[in-house]
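Notes follow once the structure below has been shown.
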Amino acid sequence: MSPTSAPRFRPADLVALAEALFRSAGLDAEKAAVTAELLVEADLVGHDTHGLALLAPYLEEIRKGRLARTGEPRVLADAPAALLWDGQYLPGLWLAARATDLACERAARLGTATVVIRRSGHIGCLAVFLWRATARGQVVLLASSDPSVATVAPHGGRRAVFTPDPIAVGLPTPAEPILVDISASITTNAMSARLAREGRKGPAAWWIDAQGRPSDDPRVVEADPAGALLPVGGLDHGHKGTGLALVIEGLTQGLGGFGRVEAPSTWGAAVLVQAWDPALFAGLEAFTRQTGELAARVRACPPRPGVEAVRVPGDQAAARRRAALEQGLVLAPAILAALEREARAAGLALPAPLPD
């Protein structure tokens, strides 16, 4: 099915269905609403491995009792610019959204604030949280790791030690914010699994097998013995990705005091959220004058042959979001099929697609 012939859905209708599915699984109303909204938001900005593709896995975690349906995070420390929560494996998108909002509220008074969450549920796509801060004229950084699994090998090694360890930063500008969302590995677990499921290979050596040989085949991760994803920089400069992974895992698990030492078995996340308010430094106008100039210089950079234009991180996400809100959201066939199965099992129907 080509993208032009694929059904298009109103994003609000998909949010309503996802919320109803989470409610039917027993999730609290607020948790269901926030989780549904942020999953669809990930699809809107083009991160479709971390959007509604995660709905069925999240529902399965709820059914098996590994993702809590109700409750509040337990406050372990409050300094007040430094907070530590035990997330008690509550839904991670809801936890991270609350942590981002709280960090922003504290930063408005204190200049900066940090919230660390241990034992959070999976937090999905980090980019979807950035607008919560940049819309307020604030800077935000989020980072996440999962001490329950290891799929990424350190530079020079042939056994997995890290998770992909994403990190995201949002910077306000006079126009669209700069939104950086990257990971310490070349690709994500979700993309690796999708490529393997579809029988496709990567464009280059993104993985190594158990013997340490480079590979473009994602199936080496699922082999016995298992291979691993490579860190950012790959075989040549993977020390950079390894360094980034050490920083992210060190901060998220170290500041939380819970990680690989405890060897948890539940799919989840160790999370760091930090916000800064430029108003308490040189001022928001001074800040955005600098970030606006940086963004303008990047966009004005002459593109190399074969590149239409040089983009600022966040430009493509904003364009995709606008287009999907105006024209409807297209879901990959496998995601749509999984959504339909979950809806049918819950006695619900897919929303009607938009007319051609």
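The values are calculated or read from the model by the stated rules, or taken from the named source; none is laboratory data. The shown structure was predicted, so the numbers you read here are calculated from the model rather than taken from an experiment. Cβ atoms come from the backbone with ideal geometry, glycine included; neighbour counts cover every protein chain shown.
Summary of computed values
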| item | result |
| --- | --- |
| Single match in Ala12, Ala42 (criterion: surrounded by 19 or more Cβ atoms within 10 Å (Cβ to Cβ) and of a type in the set (Gly, Ala, Ser)) | Ala42 |
| Matching residues in region 213-254 - criterion: being aliphatic (A, V, I, L, M) and either surrounded by 15 or more Cβ atoms within 10 Å (Cβ to Cβ) or within 21 Å of the chain's Cα centre (by Cα) (or both) | Val220, Val221, Ala228, Leu229, Leu230, Val232, Leu244, Ala245, Leu246, Val247, Ile248, Leu251 |
| Residues of region 197-212 satisfying the condition of being surrounded by fewer than 18 Cβ atoms within 10 Å (Cβ to Cβ) and hydrophobic (A, V, I, L, M, F, W, C) | Ala204, Ala205, Ala210 |
| Members of region 193-208 that are without any contact (Cβ under 8 Å) to a residue 40 or more places away in the chain and either within 17 Å of Ala150 (Cβ to Cβ) or among the hydrophobic types (A, V, I, L, M, F, W, C) (or both) | Ala193, Leu195, Ala196, Ala204, Ala205, Trp206, Trp207 |
| Number of positions in region 213-235 that are closer than 26 Å to Ala270 by Cα and part of a helix (DSSP H, G or I) | 4 |
| Qualifying residue in region 330-348 (condition: assigned to a helix (DSSP H, G or I), more than 20 Å from Leu54 (Cα to Cα) and out of contact with any Leu (no Cβ under 6 Å at 6 or more places or on another chain)) | no |
| Residue satisfying condition, being surrounded by 11 or more Cβ atoms within 10 Å (Cβ to Cβ), outside any loop (DSSP other than H, G, I, E, B) and touching a residue at least 12 places away in the same chain (Cβ under 8 Å), within set Ala296, Ala317 | Ala317 |
| Members of region 97-130 that are in contact with a strand residue (DSSP E or B) (Cβ under 8 Å, 6 or more places away or on another chain), assigned to a helix (DSSP H, G or I) and basic (Lys, Arg) | Arg106 |
| Strands (runs of 3 or more DSSP E) completely within region 131-201 that count 2 or more residues being modelled with pLDDT under 95 | none |
| Among (1) in contact (Cβ under 8 Å) with a residue 40 or more places away in the chain; (2) more than 30 Å from Val75 (Cβ to Cβ); (3) outside any loop (DSSP other than H, G, I, E, B), the one test that Val312 misses | (3) |
| Out of Gln274, Gln290, sole residue that is in the same structural domain as Arg119 (by TED's automatic domain parsing) and closer than 30 Å to Pro147 by Cβ | Gln274 |
| Counted residues, region 58-75 - those being out of contact with any helix residue (DSSP H, G or I) (no Cβ under 7 Å at 6 or more places or on another chain) and either assigned to a loop (DSSP other than H, G, I, E, B) or free of Cβ contacts under 8 Å to residues at least 40 places away in the same chain (or both) | 11 |
| Some residue of region 27-37 being surrounded by fewer than 16 Cβ atoms within 10 Å (Cβ to Cβ) and either out of contact with any Ser or Thr (no Cβ under 6 Å at 6 or more places or on another chain) or among the polar types (S, T, N, Q) (or both) | yes |
| Residue list for region 236-292, filter: in a strand (DSSP E or B) and either more than 14 Å from Leu171 (Cα to Cα) or of a type in the set (Val, Ile, Thr) (or both) | Ala269, Ala270, Val271, Leu272, Val273 |
| Any hit, region 133-143, residues being surrounded by fewer than 20 Cβ atoms within 10 Å (Cβ to Cβ), touching a Cys at 6+ places or on another chain (Cβ under 9 Å), within 22 Å of Pro313 (Cβ to Cβ) and not assigned by TED's automatic domain parsing to the domain that holds Ala53 | yes |
| Options Ala168, Ala175; residue that is surrounded by 18 or more Cβ atoms within 10 Å (Cβ to Cβ), more than 16 Å from Gly234 (Cα to Cα) and out of contact with any Ser or Thr (no Cβ under 7 Å at 6 or more places or on another chain) | Ala168 |
